[in-house]
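Notes to accompany the following structure.
The values are calculated or read from the model by the stated rules, or taken from the named source; none is laboratory data. Treat the numbers as computed from the prediction; the structure is a model and nothing was measured. Here the Cβ is made from the backbone with ideal geometry for all residues, glycine too, and neighbour counts use every protein chain on show. Ligands, DNA and RNA are stripped out before the accessible areas are found, and what is left, the full protein with its side chains, is counted by its heavy atoms. Shrake-Rupley method; radii C 1.70, N 1.55, O 1.52, S 1.80 Å.
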Amino acid sequence: MNSKLALLLLLLVCFSVNMLAEDEAEEKTSYFTASMNYSTNSVWEGRSDSIVTPYIGTTLGYHFKFGGYINGTLNFYPNRKDNVLDQSILQTGYDFTLIKDKLKGALSYSAYFNSKYSTQVKSEIKGVTSAGLSYDAKIFEWSLNADYDFGNKSDFTLTSSLSRWIQVFSKGNNTLSVNPTVTGFAGTQNLYAEYLKNRVNKIKLHGKKAETTAASTTSTVQTSEYSQFNLVDIDLALPVGYSYHDLSFSVTPTYAIPLHVQSGEFTSHPFYVNFSVEYKF
């Protein structure tokens, strides 16, 4: 499935679901969001670069009253020798409700634009088509998401999580909550294998000296292992969120447990923290 066909199918489904949710749309209003995000390390399904790589991201989005939205994201990696804009993402999607206060769905398509020098674990992704469902069972919330990632190769991933927002404090427009979450990732890793193979050449292309350990390990990558569908990661996270009117803050410490680790992978930095602030207007 190429990117144009994936986008066309997504749009067709969005319009179909929108026809079923017209009554709910009348209660909503359109709005903008602006957010900034800082992460202590760039981690994807338990995998990271050979060194800790923090990054800063900024996102501007517009949400339509019928549930559709469009976001633009710029990711900047400040610890590089030559500070550069490493990645930009353009995303469009649609959030909808199937059963009020119970079952929700989401569809999205994201286009990735990476620097040719990028050595980030997601640097081989060119696009992602995603579909998901979440069910609120009161004592916990369960979600299931299916992703089709493509670039020079493609991957299919299923992500499932269990979580529960717990309100710690609420007074007026001030709300403090925590959300203990367990997430599992299962799928193929062809694009991660591409990252491992291309990483050293990108470092050389950028005029940097490749690390000896990285050069020796990437040559041992067996791509056939990454084409198999496996449980590849389990994440334990404890998001803490605070909101005041249309301004919200969150801190999310995460411990990643990578599984089915192959020779040449970088998985020695499983703990990272994400900080974000968002304003709705």
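Details
- Each residue in the stretch 167-207 was checked for being among the aliphatic types (A, V, I, L, M) and open to solvent by 80 Å² or more (accessible area, probe 1.4 Å), and 2 of them qualify.
- Within the stretch 26-49, residues that are within 21 Å of Thr159 (Cα to Cα) and of a type in the set (A, V, I, L, M, F, W, C) reach partners that are open to solvent by 40 Å² or more (accessible area, probe 1.4 Å) and not in a strand (DSSP E or B) with beta carbons closer than 7 Å, at six or more positions or on different chains, in the pairs Trp44/Lys122.
- Enumeration of residues in the stretch 149-162 that are among the small types (Gly, Ala, Ser) and either crowded, with 17+ Cβ neighbours inside 10 Å or in contact with a helix residue (DSSP H, G or I) (Cβ under 7 Å, 6 or more places away or on another chain) (or both): Gly151, Ser154, Ser161
- Where strands (runs of 3 or more DSSP E) fall wholly inside the stretch 226-281, the ranges with 2 or more residues that are of a type in the set (D, E, K, R) are 230-237, 271-280.
- Filter result for Asn41 (farther than 26 Å from Glu141 by Cβ, assigned to a strand (DSSP E or B) and either open to solvent by less than 20 Å² (accessible area, probe 1.4 Å) or of a type in the set (Gly, Ala, Ser) (or both)): no
- Every residue from the stretch 137-148 that is more than 16 Å from the chain's Cα centre (by Cα) and open to solvent by 40 Å² or more (accessible area, probe 1.4 Å): Lys138, Ile139, Phe140, Glu141, Trp142
- Some residue of the stretch 50-63 being touching a Cys at 6+ places or on another chain (Cβ under 8 Å) and small (Gly, Ala, Ser): no
- Meets criteria (open to solvent by 30 Å² or more (accessible area, probe 1.4 Å), in contact with a Gly (Cβ under 8 Å, 6 or more places away or on another chain) and acidic (Asp, Glu)) for Asp101: no
- Check on Ser134, surrounded by fewer than 20 Cβ atoms within 10 Å (Cβ to Cβ), modelled with pLDDT under 90 and either over 12 Å from the mean Cα position of the chain (by Cα) or of a type in the set (Phe, Trp, Tyr) (or both): no
- Residue, surrounded by the most Cβ atoms within 10 Å (Cβ to Cβ), within the stretch 250-281, restricted to residues that are more than 18 Å from the chain's Cα centre (by Cα) and of a type in the set (Phe, Trp, Tyr): Phe266
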